[in-house]
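Read the figures in this text as sums done on the coordinates, not as results from a lab. This is a predicted model, so every value here is computed, not measured. Using ideal geometry, Cβ is built from the backbone for each residue, glycine included, and neighbour counts are taken over all protein chains shown.
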């Protein structure tokens, strides 16, 4: 009997992502560049607008959240592309 975990497509795609085995097309690469650019600009705007009295700890937490959002959006694009290649979308 085969192990269902070994055959789980969602886990297999994520393993490929971690191993750097996902080939990205130009459209996905452009999406990733756009995500990084837009979130980077957002971070810069927030940083530049912060008053001197801002709570640095919470500001850092917010910036960490923006960093996590960048990662999540980029991974969503990569995983979606891989699913599409396997005709799952």
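Descriptive notes on the structure:
- Residues being out of contact with any helix residue (DSSP H, G or I) (no Cβ under 6 Å at 6 or more places or on another chain) and part of a helix (DSSP H, G or I) - total across the range 37-62: 18
- Any hit, the range 76-88, residues being touching a residue at least 40 places away in the same chain (Cβ under 8 Å) and part of a loop (DSSP other than H, G, I, E, B): yes
- Close pairs (6 angstrom Cβ cut-off, 6 or more residues apart or separate chains): part of a helix (DSSP H, G or I) in the range 7-32, surrounded by fewer than 13 Cβ atoms within 10 Å (Cβ to Cβ) anywhere: none
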